[in-house]
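Working notes, beginning with the structure itself.
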């Protein structure tokens, strides 16, 4: 069984558990105010295994499965027998780091909560885009595939715009900072990824 599938199963199990036991949801959700006042820093990590509803959970887990398989192979090639350990560490670190801006922005707001694996998933997606920029991404509202190197900047600009607008219940900051962490990490551990990225997109043609 792949590490990605294990992460998905654990995430689904914990999300279902929290839906049926609100005390778990209340204790594990990212509430910056409680983190600051009670030093409950574990919420940075536990909130990444909680989801608001089935749609939120399914979207994140499908995205994780689609790109996690590739990144598992990349980590195995980069780190050998320790690849699985590095892969899990990368994913969990991305979840934590992606929530730091959220914590700093909302630590005085007792009513603010955030949850979901989006930060970790974004890190994996954007690391995969650097590795394979011509891989096409599909959205539910768009029936055609968009090459990753085109989709990535558009998605980041959209997330930045929505974050600035401050509307809705989606933590767009987690998407942005998870993505940036994924990009920075893969460049740090595998510097040739950048010239390979530009070499791949240089030969791309729309038609």
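I'd like to check which helices (runs of 4 or more DSSP H) are fully inside the range 1-70 and have at least 3 residues that are touching a residue at least 40 places away in the same chain (Cβ under 8 Å) and over 13 Å from the mean Cα position of the chain (by Cα). Please lay out each step first, then the result.
Values: elements: 3-20, 22-28, 32-38, 43-46.
Passing ranges, in order: 3-20, 32-38.
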Residue under evaluation residue 109, criteria (1) farther than 17 Å from residue 28 by Cβ; (2) modelled with pLDDT under 95; (3) in a helix (DSSP H, G or I), criterion not met: (3)
The lone condition residue 92 fails out of (1) more than 21 Å from residue 13 (Cα to Cα); (2) surrounded by fewer than 19 Cβ atoms within 10 Å (Cβ to Cβ); (3) out of contact with any strand residue (DSSP E or B) (no Cβ under 9 Å at 6 or more places or on another chain) is (1)
Just one of the numbered conditions (1) under 16 Å from the mean Cα position of the chain (by Cα); (2) part of a helix (DSSP H, G or I); (3) surrounded by fewer than 20 Cβ atoms within 10 Å (Cβ to Cβ) is not true of residue 164; which one? (1)
On the given criteria, is residue 179 closer than 23 Å to residue 47 by Cα, touching a strand residue (DSSP E or B) at 6+ places or on another chain (Cβ under 8 Å), modelled with pLDDT of 90 or more and crowded, with 18+ Cβ neighbours inside 10 Å? no
If you check every pair at least six apart or on different chains, which have Cβ atoms under 8 Å apart with a residue in the range 73-93 that is touching a residue at least 60 places away in the same chain (Cβ under 8 Å) and on the phi > 0 side of the Ramachandran plot first and a residue that is surrounded by fewer than 16 Cβ atoms within 10 Å (Cβ to Cβ) and assigned to a helix (DSSP H, G or I) second? none
Of the residues 184, 174, which is assigned to a helix (DSSP H, G or I) and under 13 Å from the mean Cα position of the chain (by Cα)? 174
Answer yes if at least one residue in the range 113-131 is farther than 24 Å from residue 14 by Cβ and either over 14 Å from the mean Cα position of the chain (by Cα) or not in a helix (DSSP H, G or I) (or both), and no otherwise. yes
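The values are calculated or read from the model by the stated rules, or taken from the named source; none is laboratory data. Owing to the predicted nature of the structure, the values given are computational and were not obtained by experimental measurement. A quick note on method: Cβ atoms are made from the backbone with ideal geometry, for glycine too, and the neighbour counts reach across all protein chains shown.
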